[in-house]
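The values are calculated or read from the model by the stated rules, or taken from the named source; none is laboratory data. In this text the structure is predicted, and so the values were computed from the model without any measurement. Every residue, glycine among them, receives a Cβ derived from its backbone with ideal geometry; neighbour counts consider all protein chains shown.
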């Protein structure tokens, strides 16, 4: 939204794929930022398919990890390096400069009403949506029992959590754990003794692999902090 008009006053939201933007992507400023993240094990094959088929809903005949293992290994490592760069740039720079709200794809599936309510409170800079039309629309369309028309047809089982782990070798899993340690901890994708029932604990670290610098699930504390300031400016 607004990708071609990001330097005009009539654009509210500008989408960016930084640091994977094209060479000629315009530079723009922002007053706020929200980041949408997802478990890397599901992001990588999804993005690979989109890049190869140019579609969000089509499914390739080939199975990358079986039919093209060398290409798949190359793609996994390329994507992981991009994710690491994305996280470092945003967390250390933009995320520390302007108010930022973090969203996980998994939370949009598990708890959509809470996430959407917090997101719009953040975007509108208001402490509550109580009594608004927006609150009613979120309740209507965010209900897990509600079936609405999608913008595009979803792939089969696209709502499953961590459904693509079988595509990775143990070496690839270890590479992801090493390169994305801070990312995985910050976004709560790690098994944690303090949260034994964490539904997004997709990665397990042992004591020999050492602790991360960032706290597990640190995005939640960051969100609570930014939400506590809404409507005070």
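Summary of computed values
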| read-out | value |
| --- | --- |
| Residue satisfying condition, being out of contact with any strand residue (DSSP E or B) (no Cβ under 9 Å at 6 or more places or on another chain) and either surrounded by fewer than 13 Cβ atoms within 10 Å (Cβ to Cβ) or at pLDDT below 90 (or both), within set 95, 54 | 54 |
| Candidate set from region 118-151 (those that are farther than 27 Å from residue 222 by Cβ and not in a loop (DSSP other than H, G, I, E, B)); member that is modelled with the lowest pLDDT | 140 |
| Residue check, residue 170 modelled with pLDDT of 95 or more and closer than 25 Å to residue 100 by Cβ | no |
| Qualifying position, being at pLDDT 95 or above, surrounded by 14 or more Cβ atoms within 10 Å (Cβ to Cβ), out of contact with any helix residue (DSSP H, G or I) (no Cβ under 6 Å at 6 or more places or on another chain) and closer than 20 Å to residue 221 by Cβ, among 77, 104 | 104 |
| Filtered residue count, region 205-220, keeping only those that are more than 12 Å from residue 101 (Cβ to Cβ) and surrounded by 11 or more Cβ atoms within 10 Å (Cβ to Cβ) | 9 |
| Counted residues, region 168-201 - those being surrounded by 20 or more Cβ atoms within 10 Å (Cβ to Cβ) and in contact with a strand residue (DSSP E or B) (Cβ under 9 Å, 6 or more places away or on another chain) | 12 |
| Meets criteria (outside any helix (DSSP H, G or I) and either free of Cβ contacts under 8 Å to residues at least 60 places away in the same chain or buried (at least 17 other Cβ atoms within 10 Å of the Cβ) (or both)) for residue 61 | yes |
| Verdict on residue 37 being touching a residue at least 24 places away in the same chain (Cβ under 8 Å), surrounded by fewer than 18 Cβ atoms within 10 Å (Cβ to Cβ) and touching a strand residue (DSSP E or B) at 6+ places or on another chain (Cβ under 9 Å) | no |
